[in-house]
């Protein structure tokens, strides 16, 4: 398990261990690696919206320092299954260790190895494959392409930043929500597909990737950015605000309409998915913060990411995206207020990839002026944004 952070320990690694594997974590955090090796186990606590909690102990685990390239290569060469959960920007940095492990594996055996790529991006598997192949010896490449699979996964489990209160004296304790469904791309596996608790290998996998990004991540971001505008600390507080809920739910449903055209016949499931997500966002026990979910606004305003990507998907199928544009305005305002803390300062057109004459871009800018005007008068910018979006959207308000 490359990455021993919240998803690595709190979801994928614990699923590996529960399925009978010895789980080897690879991470560059030396203190974390040392603690895992000292204890050989760690607790995972699941927290439900109804206030119930359950703790399990994940055993038969050890760790390797990610800076020890040979140690990492040895672990990969012997692995039955592998996964990454390091964050999109860190993928290039794990490629060298992976390529060393793959080359070593090919020299010693020809068993297939599947590397489940647990990152929030479209085409994450092919992206990691390209990074690895760039560093593989030329004579190894043909074999690697035949036995190394890079199936993507959709990570739906929410894992907040772990507070001292959550750790309760154990620095390895991870608190997570109970949801544990792990869709993976069936077509990308090489050889047999292993049996791992919660993992379901699916056809039509791109649909699940887009559903995660353009509904789950979009709705989560909406609540976070709007929550920050209104001064809320926690996601669970923000989703209880009627103005925020209306914008978030309508944005998710706008995106669902386009997905239902791209992948026909699933609107009922999409609606249930939205309702389930909005309920999961109310989980007070997670103490998930708006600041965490809204972090890195430049990436989240990227042309293929959760907000602008959803807008472009709506445009592809002839749908308007008024409420998604309202989320874009909230994200842009958050970016504007944090610009003094960012090294990357670029025009919004460059960040989003939208032209100034694009209808959605004009809508985002218009909503930005609405919010700025409300704030200058000491009013509620989110309420003003909700009213403006409702007026523009007309007849498809959900609430």
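The values are calculated or read from the model by the stated rules, or taken from the named source; none is laboratory data. Values in this document were obtained by computation on a predicted structure and should not be read as measured data. For neighbour counting, all protein chains shown are included, and Cβ atoms are generated from backbone atoms with ideal geometry for every residue, glycine included.
Of the residues in the stretch 92-120, how many are more than 15 Å from residue 75 (Cβ to Cβ), in contact with a helix residue (DSSP H, G or I) (Cβ under 7 Å, 6 or more places away or on another chain) and free of Cβ contacts under 8 Å to residues at least 40 places away in the same chain? Counting residues in the stretch 92-120 that are more than 15 Å from residue 75 (Cβ to Cβ), in contact with a helix residue (DSSP H, G or I) (Cβ under 7 Å, 6 or more places away or on another chain) and free of Cβ contacts under 8 Å to residues at least 40 places away in the same chain gives 4.
Among the strands (runs of 3 or more DSSP E) confined to the stretch 55-148, the ones with at least 1 residues that are more than 27 Å from residue 180 (Cβ to Cβ) are located at 61-65.
Reported count of residues in the stretch 25-43, each being within 13 Å of residue 59 (Cα to Cα) and touching a strand residue (DSSP E or B) at 6+ places or on another chain (Cβ under 8 Å), is 7.
Within the stretch 142-160, the set of residues being more than 30 Å from residue 293 (Cβ to Cβ) and surrounded by 17 or more Cβ atoms within 10 Å (Cβ to Cβ) comprises 144, 147, 148, 149. Residues that are touching a residue at least 24 places away in the same chain (Cβ under 8 Å) and under 19 Å from the mean Cα position of the chain (by Cα) within the stretch 190-200 comprise 198, 199, listed in sequence order.
Looking at the stretch 259-267, can you tell me whether even one residue there is under 21 Å from residue 239 (Cα atoms) and at pLDDT 95 or above? Steps first, please.
Filtering the stretch 259-267 down to residues under 21 Å from residue 239 (Cα atoms) leaves none.
Within the stretch 259-267, none of the residues are under 21 Å from residue 239 (Cα atoms) and at pLDDT 95 or above.
Which members of the stretch 263-276 meet the condition of being out of contact with any helix residue (DSSP H, G or I) (no Cβ under 7 Å at 6 or more places or on another chain) and over 23 Å from residue 390 (Cβ atoms)? The answer is 264, 265, 268, 269, 272, 276.
On the basis of being at pLDDT 95 or above, assigned by TED's automatic domain parsing to the domain that holds residue 110, within 27 Å of residue 50 (Cβ to Cβ) and not in a strand (DSSP E or B), does residue 172 make the cut?
Values: at pLDDT 95 or above: yes; assigned by TED's automatic domain parsing to the domain that holds residue 110: yes; within 27 Å of residue 50 (Cβ to Cβ): yes; not in a strand (DSSP E or B): yes.
The answer is yes for residue 172.
The single residue among 184, 209 that is touching a helix residue (DSSP H, G or I) at 6+ places or on another chain (Cβ under 9 Å), over 26 Å from residue 382 (Cα atoms) and not in a helix (DSSP H, G or I) turns out to be 184. The residue list 127, 84 contains one member that is closer than 22 Å to residue 209 by Cα and buried (at least 22 other Cβ atoms within 10 Å of the Cβ), which is 84.
A residue that is surrounded by fewer than 17 Cβ atoms within 10 Å (Cβ to Cβ), at pLDDT 95 or above and touching a helix residue (DSSP H, G or I) at 6+ places or on another chain (Cβ under 8 Å) occurs nowhere in the stretch 234-253. When residue 9 is tested against (1) surrounded by fewer than 22 Cβ atoms within 10 Å (Cβ to Cβ); (2) in contact with a strand residue (DSSP E or B) (Cβ under 6 Å, 6 or more places away or on another chain), only condition (1) is not met.
Say we look at the stretch 1-40 and pick out the residues that are part of a strand (DSSP E or B) and free of Cβ contacts under 8 Å to residues at least 40 places away in the same chain; which of these is farthest from residue 159 (Cα to Cα)? Show your work before the answer.
So the first thing to find is which residues in the stretch 1-40 are part of a strand (DSSP E or B), and the list is 2, 23-27.
Still in the list and also free of Cβ contacts under 8 Å to residues at least 40 places away in the same chain: 23, 25, 27.
Numbers: 23: 20, 25: 18, 27: 18 Å.
Only one residue tops the list, namely 23.
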